[in-house]
Amino acid sequence: MDIEIDSLAVLGAGSMGHGIAEVAAMAGYDVVLRDVEDDLVQDGYDQIEWSLDKLAEKGQLDADPEDVLGRVSTAVELEAAVADADLVIEAAPEDLDLKQSVFAEVDEAAPDDAIIATNTSSLRIGDIAAATDRPERCCGMHFFNPPVKMDLVEVVGGEATADDVVDAAYEFVESLDKTPIRVRKDVPQFVVNNVLTPYMGEAGFMLDEGADDVRAVDAAMVFRRGYPMGPFELNDFGGLDVFAHTREQWDDPVPESISSRVEAGDVGRKAGAGFYEYEDGPGADYEPTQGDGVDTLRIEARMINEAARLVGQDVATPEDIDVGMRLGGGLPEGTCRTADKLGLDVALDKLRELHDATGAERYEPADYLVERVESGHTGEAAGRGFYDYRDGGPYHYVSHELTDDGVLSVVFDREERLNAFSTDMFDEVQRLLETVDQDDVACVVFEGAGDRAFSAGADITGFTTADPTDLMHVDESIETVYEFPRPTVAKIDGFCLGAGLELTLACDIRIAAEGSTLGSPEVDLGLIPGGGGTQRLVRLVGEPRAKELVFRGMHISAEQAADWGILNRAVPDEEFEAAVDEVVSDLVDGPRTALEVAKQVINEGQNASLETALSLESQGFGLLTTTDDMLEGVAAFNDDREPEFSDD
Ligand SMILES: C/C=C/C(=O)SCCNC(=O)CCNC(=O)[C@H](O)C(C)(C)COP(=O)(O)OP(=O)(O)OC[C@H]1O[C@@H](n2cnc3c(N)ncnc32)[C@H](O)[C@@H]1OP(=O)(O)O
């Protein structure tokens, strides 16, 4: 039987606890927020109020902040907080004894069938659940900080946890509009922290050896490898003390460059100093040019090794690891995908080289990595690696669905970066359109995941790492959209910038929700539009407007874009879905051959002389007079009924 979760208690009103309570209240749950003292719980409550107001100010909260806050109540007495809870989430500091004592108390006071979850980021669920008489109803829900902004939650069961409890936790996370990943074994630190730890740890060891300096490593990882923060910058951000404590907890060696700073109290941003000076200096002040010559593979090979260990031990799938690293670790792509591009053999060689040189356990290659390489599955170039590419490979950034009546719905699915297009994402759009059976498609609808963006353009973080020729392929993917023989519709809700706008310009029909923003901000990056934005725009809006948009990197409202003829229309939010559905419905019911010919003639005619274009049109017209659809259209007219065109 499915477990129902209606009421919730969150224990601990610190940054994680109040964040989780806020997210749950936003999803419509009644939440009791509890901490051990009035001041602490009030502080957490005030933080929720502040955060809800901020979200509302930015237009990122659909509901009235007061209504959401009204669902949060506070308590100091634990018994009162959990008495009616279906789910209790413990968000106490990361200390096993403390968490065990909270679990034991909850076990006494909560209803017998309540689920008790811990928000631990590094401890084993089984160790915490051992303090209760109901380990089968205990699980882990690892939210990331801050819960309101971070989309990922790792859902973990202990050895004794019942399957339906893990399922219920997973579904609960989905009901919060967050993305759960399933951690299938109760390993310390779960998925994301295990893969991310070598990023900071290995950089620390490199510093210990005097091989590179802080700025060089950070610059190399950010500007040459596309990571959002350098490893030292990231460690300063999270706190060196937190990093060292977690390593020590599991008897893992801590680099000297980290432990010495912890001893000196320079634990990062919060202390005003760490690897960089924050209070008396400019912070993480590395420059793009400083990263030459750093052995970045050394860091990435260790991350890949951890990912391989997790897959080999059946802790997580490559898909879940990659979702975790993108949403929880902020990486532009998952570590398994990176490994498949770099080559698993390349990573393995590096690990062996380091292991031979140092004998250090951390370089010992994972069995799974060795097996993959020995069986020839060394990555994308070999057709198989973590993923199977023999049929083109999985879609990571584009989700799609083809309905029975022929609507191919394509969603740019990279919400964490406002659906910005990486080269992988462009390739996936192109592959999808080139491989879908066109006979099954009546029309294509493109949209962005989430409610913030259609797409905020090409992935800016990829500009410093990608080959210029790869970036120039943007144009090729967008042309595939333009040339797709069926009608295409851009359904725009939110930011539609740069390459996002260019892709919509290659669509046949563009409808936006009011409040969307369109623009060509490339010039602010020292660039120009590279996916047809200068050319299609000028043909649509004329030279003065196109030049102003491009030269000034302007963002314009959907209403203004409609006024200038960039959009077919801008419609109020509440009418948006219906407006798109109405268009799609006409396209689905329309005569496919005639629509295809109309698209072709209009597209090709634009670049031809009027005489040639008129000749194209008349050829198309003549051709269509020989079709069954034409006979059906005429018969329907005579019978005064709606035509039923064939799907051929
Ligand atoms: C040939 C084609 C060339 C091009 O297309 S060049 C790119 C043109 N596009 C742009 O220049 C737009 C860049 N983005 C922005 O200016 C801002 O975003 C917005 C105004 C759209 C929204 O601002 P806000 O509401 O403050 O959101 P946020 O925190 O900036 O964005 C959320 C996360 O999305 C990432 N992101 C946004 N746009 C891009 C992008 N184009 N490439 C890579 N990442 C992007 C951010 O960094 C951040 O991520 P985190 O939360 O990890 O900090």
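The values are calculated or read from the model by the stated rules, or taken from the named source; none is laboratory data. Note that the structure is a prediction, hence the values are computed from the model and not measured. Cβ: placed from backbone, ideal geometry, glycine included. Neighbour counts: every protein chain shown. Accessible surface is based on the protein model in full, side chains and every heavy atom, while ligands, DNA and RNA are left aside. Shrake-Rupley method; radii C 1.70, N 1.55, O 1.52, S 1.80 Å.
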Across region 422-449, which residue is surrounded by the most Cβ atoms within 10 Å (Cβ to Cβ) among those that are aliphatic (A, V, I, L, M) and away from the ligand (no atom under 16 Å from the Cβ)? V444
Answer yes or no: is there a residue in region 452-465 that is of a type in the set (K, R), assigned to a loop (DSSP other than H, G, I, E, B) and near the ligand (Cβ under 8 Å from one of its atoms). yes
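Can we say R269 is in the same structural domain as P365 (by TED's automatic domain parsing) and either open to solvent by less than 30 Å² (accessible area, probe 1.4 Å) or touching a helix residue (DSSP H, G or I) at 6+ places or on another chain (Cβ under 9 Å) (or both)?
no
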Breaking point among (1) more than 25 Å from K58 (Cβ to Cβ); (2) within 12 Å of the ligand (Cβ to nearest atom); (3) not aliphatic (A, V, I, L, M), for G519: (1)
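In region 484-504, what residues are more than 10 Å from the ligand (Cβ to nearest atom) and open to solvent by less than 10 Å² (accessible area, probe 1.4 Å)? Please lay out each step first, then the result.
As a first pass, look at region 484-504 and keep what is more than 10 Å from the ligand (Cβ to nearest atom): 484-493, 504.
F484, T488, V489, A490, I492, T504 - these are the residues of region 484-504 that are more than 10 Å from the ligand (Cβ to nearest atom) and open to solvent by less than 10 Å² (accessible area, probe 1.4 Å).
Could you say which residue among R215, R182 is modelled with pLDDT of 95 or more, in contact with a Phe, Trp or Tyr (Cβ under 7 Å, 6 or more places away or on another chain), away from the ligand (no atom under 16 Å from the Cβ) and closer than 30 Å to D292 by Cβ?
Unique residue meeting the criteria: R215.
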Filter result (of a type in the set (G, A, S) and farther than 22 Å from D6 by Cβ) within region 52-109: A56, G59, A92, S101, A104
Test result for V481, surrounded by 20 or more Cβ atoms within 10 Å (Cβ to Cβ) and assigned to a helix (DSSP H, G or I): yes
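For residues that are open to solvent by 10 Å² or more (accessible area, probe 1.4 Å) and farther than 13 Å from L527 by Cβ, tally how many sit in region 467-477.
Residues in region 467-477 being open to solvent by 10 Å² or more (accessible area, probe 1.4 Å) and farther than 13 Å from L527 by Cβ: 6 in total.
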Exactly one of (1) part of a helix (DSSP H, G or I); (2) in contact with a helix residue (DSSP H, G or I) (Cβ under 8 Å, 6 or more places away or on another chain) is unmet by G530. Its number? (1)
Looking at E617, E596, E632, E644, can you tell me which residue is open to solvent by less than 50 Å² (accessible area, probe 1.4 Å) and either part of a loop (DSSP other than H, G, I, E, B) or among the charged types (D, E, K, R) (or both)? E632
Kindly indicate whether M229 is aliphatic (A, V, I, L, M), in contact (Cβ under 8 Å) with a residue 60 or more places away in the chain and open to solvent by 20 Å² or more (accessible area, probe 1.4 Å). yes
Any chance A203 is over 23 Å from P318 (Cα atoms), open to solvent by less than 50 Å² (accessible area, probe 1.4 Å) and not assigned by TED's automatic domain parsing to the domain that holds C139: yes
For D151, are the conditions met, namely being open to solvent by 30 Å² or more (accessible area, probe 1.4 Å) and over 21 Å from the mean Cα position of the chain (by Cα)? no
Any helices (runs of 4 or more DSSP H) falling wholly within region 329-390 and containing at least 1 residues that are in contact with a strand residue (DSSP E or B) (Cβ under 6 Å, 6 or more places away or on another chain) and touching a residue at least 40 places away in the same chain (Cβ under 8 Å): 335-342, 344-358
Among the residues in region 248-266, are any open to solvent by 10 Å² or more (accessible area, probe 1.4 Å), within 14 Å of L207 (Cα to Cα) and either free of Cβ contacts under 8 Å to residues at least 12 places away in the same chain or under 26 Å from the mean Cα position of the chain (by Cα) (or both)? yes
Considering each of T289, T338 in turn, give the residue that is touching a Phe, Trp or Tyr at 6+ places or on another chain (Cβ under 9 Å), among the hydroxyl-bearing types (S, T, Y) and surrounded by fewer than 24 Cβ atoms within 10 Å (Cβ to Cβ). T289
With respect to the numbered conditions (1) modelled with pLDDT of 95 or more; (2) within 16 Å of the ligand (Cβ to nearest atom), which one is the sole condition not fulfilled by A357? (2)
When the residues of region 402-421 are filtered to those that are in contact with a helix residue (DSSP H, G or I) (Cβ under 6 Å, 6 or more places away or on another chain) and within 16 Å of the ligand (Cβ to nearest atom), which remaining residue is most open to solvent (accessible area, probe 1.4 Å)? E416
Looking at this structure, is L61 in a helix (DSSP H, G or I) and under 28 Å from the mean Cα position of the chain (by Cα)? no
Of all residues in region 528-543 being surrounded by fewer than 17 Cβ atoms within 10 Å (Cβ to Cβ) and within 13 Å of the ligand (Cβ to nearest atom), the one that is nearest to V583 (Cα to Cα): Q535
